[in-house]
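Take a look at the structure set out below.
The values are calculated or read from the model by the stated rules, or taken from the named source; none is laboratory data. Remember, predicted model here, so these are calculated numbers, not experimental data. Counting neighbours? That spans all protein chains shown, and the Cβs are built from the backbone with ideal geometry, glycine included.
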Amino acid sequence: MEKRQLGSSSLTVAPITFGGNVFGWTADEAMSFKLLDAFVDAGFDFIDTADVYSRWHDGNEGGESETLIGKWLASRGGRDKVIIATKFGMEMGPGKVGLSPAYMVEAVEASLRRLKTDYIDLYQSHKDDPDTPVEATLEAYARLIEQGKVREIGASNFTADRLKEALDLSKKGLPRYQSLQPIYSLVERDTLEGPLEDLCLAENVGVIGFYSLASGFLTGKYRSKADMAGQIRAPRVEKYLNDKGFGVVAALDEVGEKHGAKPGQVAMAWLMARPSVCAPIASATNLDQLDELVKSVDVTLDAGDIAKLDAASA
């Protein structure tokens, strides 16, 4: 399995990122440890989380995912064997939101404490903050890098214009966003493709898109409204239950049959074949799902496969 360089950064990563949004919510501590162990044992190393995961779940306050990853790191060792990415900027409580220098200092210390580590490999702006000058945010990142608390920085949910503003400032000696984390999958192409993807390609910014499997829809798990009964992700999936969505799944079935692969594996292979994409993010809540996910790297699509999927998802 060939590793990929994240942008022009010092980080090289395996071609799939494990999404830690499930930890402390749909995966408890025991299962989270099993998933992380199996992911690393399979040769992968890139784990993405955020301080806000999983604040949306009843009884949670945020920080649950980072806390479980920290416990896992402390119990297993091998911090230098994994790439830990986390994010800040989403609301964590009154006054705890945005990309201001003052809040960044508070947020990074909280994440380091929960992760039980003294550095973060990739620290990301979870969303743009129009109330904070881009230069001020980058200057604050520079101080964290100088202190050794952060190795590289990334952006998430940015527009092309705002990302370009940050990249232009980085050419004047400020830290550079090496990655972009947008929503991106075969059924969610519009956010990235166009000016934003063109910018990432031109500036060598590695895309690590989220919802790569559209909350499980692209695994073929949901083929009718009846399939969503009792499913925790049903509200997110319902919008894909239309002619276009079912057409994409049909194309995944067809290409998968040719390669002896499952729909979700083909969907991940399509992402990994995109020139802009470095390591798409996907999650698993049990070991069977994880086994299916990591085997996606063994699926190599030809030009005809990609054309078929492009046409179905256009």
Restricting to the range 293-307, name every residue that is crowded, with 18+ Cβ neighbours inside 10 Å and either without any contact (Cβ under 8 Å) to a residue 60 or more places away in the chain or not hydroxyl-bearing (S, T, Y) (or both).
L293, V294, V297, V299, L301, D305
Looking at S111 and the list (1) closer than 19 Å to L6 by Cα; (2) in contact with an Asp or Glu (Cβ under 6 Å, 6 or more places away or on another chain); (3) hydroxyl-bearing (S, T, Y), which single condition is not satisfied?
(1)
Quick one: would you say A155 is among the small types (G, A, S), crowded, with 16+ Cβ neighbours inside 10 Å and more than 17 Å from the chain's Cα centre (by Cα)?
no
Among what's in the range 221-238 and is more than 29 Å from A85 (Cα to Cα) and of a type outside the set (A, V, I, L, M, F, W, C), pick the residue that is modelled with the highest pLDDT.
E238
Scan L174, L196, L180 and give me the residue that is within 23 Å of G98 (Cβ to Cβ), assigned to a loop (DSSP other than H, G, I, E, B) and at pLDDT 95 or above.
L174
Top-ranked residue in the range 268-288 [being in contact (Cβ under 8 Å) with a residue 12 or more places away in the chain and more than 15 Å from the chain's Cα centre (by Cα); ranked as surrounded by the fewest Cβ atoms within 10 Å (Cβ to Cβ)]
P275
Residues in the range 64-84: is at least one at pLDDT below 95 and crowded, with 20+ Cβ neighbours inside 10 Å?
no
Can you work out which of the residues in the range 51-107 that are in contact with a helix residue (DSSP H, G or I) (Cβ under 8 Å, 6 or more places away or on another chain) and polar (S, T, N, Q) is farthest from A166 (Cα to Cα)?
S75
